[in-house]
Amino acid sequence: MDPALATRPHPSHTGERRLYAAAAVVALALVFAGFARTYYLRSAFDGPPLTLLLYVHGAVMTSWFVLFIVQARLVAHGHAGVHRRLGAFGALLALAVLVLGSMVAVTGARLGHSPPGAPPPLVFLAVPLGDMLVFALLVGAALRFRRRSDIHKRLMLLGCVGLLTAAVARIPLTLLREGGIVAAFLTTLALVLACVAWDTIAQRRLHPAFAWGAGLIVVSWPLRLALSQTPQWLEFARWLAG
């Protein structure tokens, strides 16, 4: 075999690297676009004042998406050892995302806040808490399978993309604003399916981690919307918002 061919990256590996690099950049760009007016560029847009909880939550969420980019770049350039060492910090950061995201959701419901076009606050609470539950399941499973890189990286990718609904819902585009929470869900679904399709075409098969991980994201949306309409959920939400 030609030594030059032996050292050349396999086409499927190149496709994977492009997928994770592109997904990481797109995810952070969407987060910035969604929260530019109310967080990143708040002073330029005369945005509403933020509490300390929202400042910290925004910083932690931003750090999570930045870390995803860093980790994808480290793997792409062959720095697996550094990637693994950063993984311990990533696990703590994921826990912070889960705790702070849940606190912000419950606090918003307590104060009577929900996005424009969304259901009433106690009903809407099922949406962000559902995001946190799905994130916990995907990232928790990814950490459980951290020695299986093929499973780990796909679940981590889905964990990041699945968080984008809140950012997408706040992007100042007429189509998204008029479509409300359904448009935000469908946009996130399109991003999830785009990642799965890209990987499936590159690998010439649907990876099981993408199959059940994407399935979890998709199934969770109608389930949480249906749950949010029940008396049991409203009673639970009132207790949480206390």
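The values are calculated or read from the model by the stated rules, or taken from the named source; none is laboratory data. Keep in mind that this is a model prediction, so the values were computed, not measured. Here the Cβ is made from the backbone with ideal geometry for all residues, glycine too, and neighbour counts use every protein chain on show. Quick note on the areas: whole protein, heavy atoms, side chains included, nothing else; ligands and nucleic acids left out. Shrake-Rupley method; radii C 1.70, N 1.55, O 1.52, S 1.80 Å.
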Hey, could you check the range 168-180 for residues that are farther than 18 Å from C195 by Cα and among the hydrophobic types (A, V, I, L, M, F, W, C) and say which is most open to solvent (accessible area, probe 1.4 Å)?
-> L175
Hey, Y39 of a type in the set (S, T, Y) and at pLDDT 85 or above or not | yes
Could you run through the range 200-220 and say how many residues are at pLDDT below 90 and closer than 30 Å to A36 by Cβ?
-> 0
In the range 50-85, how many are open to solvent by 50 Å² or more (accessible area, probe 1.4 Å) and over 25 Å from G34 (Cα atoms)?
-> 7
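What residue, of L143, L138, L111, is in contact (Cβ under 8 Å) with a residue 24 or more places away in the chain, open to solvent by 50 Å² or more (accessible area, probe 1.4 Å) and out of contact with any Ser or Thr (no Cβ under 6 Å at 6 or more places or on another chain)? Show your work before the answer.
Numbers: L138 fails: open to solvent by 50 Å² or more (accessible area, probe 1.4 Å); L111 fails: in contact (Cβ under 8 Å) with a residue 24 or more places away in the chain.
None of the others qualify; the one that does is L143.
Take the residues in the range 217-242 that are among the polar types (S, T, N, Q) and over 14 Å from V127 (Cβ atoms), then tell me which one is surrounded by the most Cβ atoms within 10 Å (Cβ to Cβ). Before you say what the answer is, go through the steps one by one.
Quick first cut of the range 217-242, residues among the polar types (S, T, N, Q) only: 220, 228-230, 232.
This time we only want the ones that are over 14 Å from V127 (Cβ atoms), so: 230, 232.
Working: T230: 12, Q232: 8.
Selected residue: T230.
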Near pairs, Cβ below 6 angstrom, 6+ apart or cross-chain, from the range 115-134 (under 11 Å from G101 (Cβ atoms) and without any contact (Cβ under 8 Å) to a residue 12 or more places away in the chain) to any residue that is polar (S, T, N, Q) and buried (at least 20 other Cβ atoms within 10 Å of the Cβ) = none
